[in-house]
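One structure is given here, and the rest of the page talks about it.
Computed from the coordinates by the stated procedures, all read-outs in this text should not be read as laboratory data. Given the structure is predicted, the values throughout are model-derived calculations rather than measurements. Note that each Cβ is placed from the backbone with ideal geometry, even for glycine, and that neighbours are counted across all protein chains shown.
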Amino acid sequence: MNKLKVIQLLPELNIGGVERGTKDFSQALVEKGHESIVISNGGLFKKDIEKDGATHIKLPIHKKSLFSLFLSKKLESIYRTEKPDIVHVRSRMPAWINYYAFKKLSKKPILVSTFHGLYSTPMYSQVMSRVDHMIAISKTVKEYIINTYNIKDEKISVIPRGCDMNHFNKDDVSDEWINAWYREFPQTKNKIILTLPTRISKWKGVDNFIELISKLDGDIFHGLIVGPTSKSKIRYLNSLKKKIQDLGLYQHITFTGSRNDISNIYKISDIVFNLSIEPEPFGRTTIEAISCGAKFVGWNHGGTQEVLEELFPDGLVELGDINALKEKVIKVSDKHHSLPKENVFTSNRMIDETINLYHQLISKES
């Protein structure tokens, strides 16, 4: 296949799924003999991108301001100099700046966008559909694009997100880590561990998780809620803690806060959950946990449903049915219950499918 020059646009390169995905994809492009350029305001992953052999061009395309549109002239100049084959936009503000830059180009690269979510402001988000081709990270997202922007089916490819199997795998957890974990959280020892990995937010289903734990035997089960709390959500966190106290569950549920050892937590968990009240665009925690060997239970909608239908259909529960959720947990937590299938949603698959799409789009043009 011909060598490609690919430019990716995103706001910044700090921690996050889109940012990490951009970094990993840039590395894969270079490893496969292509040329990779990333344009952003910079951030933690900038050094990694350059170390991997790609180019980073700093441009403050992260600010949601009308003044940011003046950057389109600089972006146009970069395109004229670099002459990319593909421009791939991954976020809405950069997409608007790109839209005005593209208007001034006589010879345009192929323009691709990835819809990473179910965007809540259709007018602002519509720019992501003004491209040659769109990537949806799930069937749920594809349906959203078609219904919201009246796009033809053939202009959208579903390329599911994938997880890095070097990081999320079934390798044994070290004795050192296990010992440190039980020193910090002795209340989890000899318990069936039920884990909800999520940032603290009302729509993420933390309330439902607490109700679930209240219906289970605290001598057998222990609930973990793993994830960060933003300043704006501290009041909500305190209301959750009060609910736990009122229900007498303070010994049976643990908030761990944000952790950088989530893969090990998945490995010691008997069941991991996604209980989001609104449909997830894609079930990222679902594939991560299953890759680490955990069983998984989630509501029957959105991206979580799509992943579980393929990997662990027995983990699906009708949305909002707490009693059915309790029965499912008792059934699935049995050590004789079958495990999920091997995860097929991998980073390598996502990367290969994206590069193949680029080649297909270029061959159509020529």
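For the reader, a short list of remarks on this structure follows.
- Distance from the stretch 1-59 to the stretch 98-162 (C-alpha centre basis), Å: 20
- For GLY42, residues with placed amide H under 5 Å, excluding near neighbours: LEU13, LEU59
- J(HN,Hα) series, the stretch 48-64, from Karplus relation 6.51 cos²θ - 1.76 cosθ + 1.60, nearest Hz, glycine and proline x: 4, 4, 6, 4, 6, x, 9, 10, 10, 10, 7, 8, x, 8, 8, 7, 7
- Only Lys, Arg, Asp and Glu carry charge here, each on its Cβ (+1 for the first two, -1 for the last two); on that basis the chain has a dipole of about 1720 debye about its Cα centre.
- Residues whose amide H comes within less than 5 Å of that of ASP164, counting only those at least five positions distant or on another chain, are SER347 (H built at 1.01 Å from N in the peptide plane).
- Choice from GLN27, GLN305, GLN251 with maximal GNM fluctuation in the chain (Cα, 10 Å cutoff): GLN251
- Cleavage-rule hits, GluC sites (Glu not before Pro), the stretch 251-318, DSSP coil, Cβ neighbours within 10 Å at most 16: GLU318
- Remark: the stretch 104-120, residue by residue, has Karplus-estimated 3J(HN,Hα) of 8, 8, 7, 9, 9, x, 6, 10, 10, 10, 10, 7, 8, x, 9, 4, 8 Hz, where x stands for each Gly or Pro and the curve is 6.51 cos²θ - 1.76 cosθ + 1.60 at θ = phi - 60°.
- Helix-only mean residue ellipticity at 222 nm for the chain, each DSSP H run of n ≥ 4 adding -39500 (n - 2.57), per residue, nearest 500: -12000 deg cm²/dmol
- Residues considered: HIS222, HIS336, HIS301. Largest GNM mean-square fluctuation over the chain, using C-alpha springs under 10 Å, is found at HIS336.
- Shape category assigned to the stretch 11-82 from the gyration tensor of Cα positions, a/c cut at 1.5: oblate
- Partner aspartates and glutamates for LYS46 [C-alpha distance under 20 Å; skip if fewer than 8 residues away on the same chain]: GLU12, GLU19, ASP24, GLU31, GLU35, GLU82, ASP164
- Using alpha carbons only, the radius of gyration of the stretch 175-332 set against its Kirkwood radius gives Rg/Rh = 0.93.
- For a straight C-alpha distance cut-off of 20 angstrom, the lysines reachable from LYS364 (same-chain residues fewer than eight places away being disregarded) are LYS3, LYS5, LYS83, LYS107, LYS108, LYS152, LYS155.
- Under a 5 Å amide H cut-off, with hydrogens placed 1.01 Å from N, GLN8 pairs with ILE37, VAL38, ILE39, HIS88 among residues at least 5 apart or on other chains.
- Anchor LYS242: lysines whose Cα lies under 24 Å away (excluding residues fewer than 8 positions away in-chain): LYS191, LYS202, LYS204, LYS215, LYS231, LYS233, LYS326
- When only alpha carbons are used to place a centre, the stretch 297-335 and the stretch 68-89 end up 45 Å from one another.
- Within the listed set ASN323, ASN274, ASN169, the Gaussian network model of the chain (springs between alpha-carbon atoms below 10 Å) gives the highest mean-square fluctuation for ASN323.
- In terms of packing, defined here as the mean over residues of other Cβ atoms within 10 angstrom, the peptides 119-128, 262-271 line up highest first as 262-271, 119-128.
- Membrane-span-like helices in the chain, defined here as complete DSSP H runs extending at least 27 Å along the helix axis by their C-alpha atoms with mean Kyte-Doolittle hydropathy no lower than -1.0, are 347-365; this is a sequence and geometry rule, not a statement about a membrane.
- Qualifying trypsin sites (Lys or Arg not before Pro) in the stretch 87-154, DSSP loop, other Cβ atoms within 10 Å at most 16: LYS104, LYS107, ARG130, LYS152
- Neighbour counts of other Cβ atoms within 10 Å put ILE220, ILE213 in the fewest-to-most order ILE220, ILE213.
- Trypsin sites (Lys or Arg not before Pro) restricted to DSSP loop in the stretch 296-339 with at most 10 other C-beta within 10 Å: LYS335
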